[in-house]
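The values are calculated or read from the model by the stated rules, or taken from the named source; none is laboratory data. These numbers come from a predicted model, not from an experiment. Reconstructed Cβ throughout: ideal geometry from the backbone, glycine too, with neighbour counts over all protein chains shown.
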Amino acid sequence: MALYYLKGDDSSSPTETSAALAPTSNDRRGVLVITLLALSFFILLTTILQLFPITWSLDERMLHHLPQSILGNPPVVPSIRLLELPVTDGVFSPLDVAMTLRGLGKLHPATILIAGKVAEDPQSDQLLQAVLNTTRAEGIEVLKADAPAGNSTYRSVPLCRYTPPFFSRISLETIPGKISNKDQGCFLPSRASSSQGIQLYAETAQGEVVESIWQELLEEMISAKKDGDSVALPKTTTSSWLIAGRILIFPNHSTLLLNGSGSAPLITKGTNSPTPLNPKTIPQEDFLLASEQRERGEKSPEFDALWNDALVVIGQDSDLSTVSTLQQLAARLVWGHLSMISQILMGLGCILLLVVGARSGKTVSLTLAPALVIATVIATLITLRHGILIPWLPQLVSALALWGFSFYQNPRQTPGSSPDSLR
């Protein structure tokens, strides 16, 4: 009888042990599933966020420190100069504009933008038109815009608008005028709206989208020549996309997040320091004086280099914040990106690698983590030579998660067992 009870006790011991171990294994498997779901959501979130310029400050530092041999022939943004003209009742004198254009025509800028309304003067209009024709004949593009009026005509804009379901679209400002088949024709935003940001688009009463002179200038800067090229790239005719009136996607897949009024927000950080991305105002008096000294034969290489191949904005001192913001935006937007679909697929691929590493054990996780980082670095160095910045934040998060899973014991494996014994 004693032996019977002893044998019964021995046979019940493994059953009780298995019952005690089973909940622990199930709990660990549940924790693994929850952790994978949380990390997958975070990777997908970083993928969506990197569609926008959340990592541009780090990208900019990286581009600044990389040698030219790695960057190859990177895209560059032309320098922008703000030439201040005096105004009378909010308009420029046509004689002042004519004298300024005459001086700029001898300094070979890339583009001249007249960012203001020119007063009508029968005695000076003919002179101004002659100077405009001469400047354009010399190969210098002159952009001019007027305040919207009933008889204003604008050129058509290749812009596609889409509002996803359950999103409220921001309406564009309605301005007077109509679309024509001209190559040029932009509107000049009112200075009262400049406090809300840089207005890029508006629409006519017929619902036709037109662009402002600032959007025209921004496109001119983005389509500028690459470093080492002798000529500028032609401006693309591929349509941009405006999503819900808030997300502007350019043809090179770079994105710009607009504010609640549908304008590009002003960048005020660091505007008091003289940097290449923060131009300063040059008064007309100083420009005309230096131009006169140049015509008398006084050499000034610094003055000539200031305007050569530059984008010149003829405007007011109040345009400085707008010009500075456009310069900084163009420095980012000139770099191309992968399409939104490609970036989302890349994020899903990172999630797949994470699941494989978490379910395969320490060896696979420790192999995938550095392989993912090395592949991202190599791909980045290759695409940079083509002027494209690829996302790296989802790959970094995935590599860190894989490295963390290498310290995690797979719940399918018990201590002291091998993966082969579980098959």
- [ ] Take the range 95-135 and flag every residue that is among the acidic types (Asp, Glu) and under 19 Å from residue 300 (Cα atoms).
- [x] none
TODO: Give the range 247-264 a look and list any residue that's at pLDDT 90 or above and not polar (S, T, N, Q), or say none.
DONE: 247, 248, 249, 250, 251, 253, 256, 257, 258, 264
Open item on the list: Condition (residue is part of a helix (DSSP H, G or I), at pLDDT below 90 and within 30 Å of residue 356 (Cα to Cα)) applied to the range 49-63: is it met by at least one residue?
Closed with: yes
TODO: Run residue 322 past the list (1) at pLDDT below 90; (2) part of a helix (DSSP H, G or I) and report the number of the one that doesn't hold.
DONE: (1)
Open item on the list: Just to be sure I understand the filter: pairs with C-beta atoms under 8 Å, separated by 6 or more residues or on different chains, first member in the range 206-219 and touching a residue at least 12 places away in the same chain (Cβ under 8 Å), second member hydrophobic (A, V, I, L, M, F, W, C) and in a helix (DSSP H, G or I). Which pairs pass?
Closed with: 214/326; 217/326; 218/326; 218/329; 218/330; 218/333
- [ ] Have a look at 311, 368, 289, 354 and point out the one that is assigned by TED's automatic domain parsing to the domain that holds residue 99 and touching a residue at least 12 places away in the same chain (Cβ under 8 Å).
- [x] 311
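Conditions tested, residue by residue: (1) in a strand (DSSP E or B); (2) closer than 25 Å to residue 210 by Cβ.
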residue	(1), (2)
104	no, no
108	no, no
112	yes, yes
120	no, yes
127	no, no
131	no, no
139	no, no
TODO: Among residues belonging to the range 325-356 that are in a helix (DSSP H, G or I) and of a type in the set (S, T, N, Q), point out the one that is surrounded by the fewest Cβ atoms within 10 Å (Cβ to Cβ).
DONE: 342
- [ ] Exactly one condition in (1) of a type outside the set (Val, Ile, Thr); (2) touching a Pro at 6+ places or on another chain (Cβ under 7 Å); (3) surrounded by fewer than 20 Cβ atoms within 10 Å (Cβ to Cβ); (4) modelled with pLDDT of 85 or more is not met by residue 130; state its number.
- [x] (2)
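Could you check how many residues of the range 45-98 are of a type in the set (Asp, Glu) and not assigned by TED's automatic domain parsing to the domain that holds residue 218?
Let us first name the residues in the range 45-98 that are of a type in the set (Asp, Glu), namely 59-60, 84, 89, 96.
Pick out the ones that are also not assigned by TED's automatic domain parsing to the domain that holds residue 218 and you get 59-60.
So the count comes out to 2.
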Task: Failed criterion for residue 160 (all others in (1) loosely packed, with under 15 Cβ neighbours inside 10 Å; (2) in a loop (DSSP other than H, G, I, E, B); (3) under 33 Å from the mean Cα position of the chain (by Cα) hold) - done: (2)
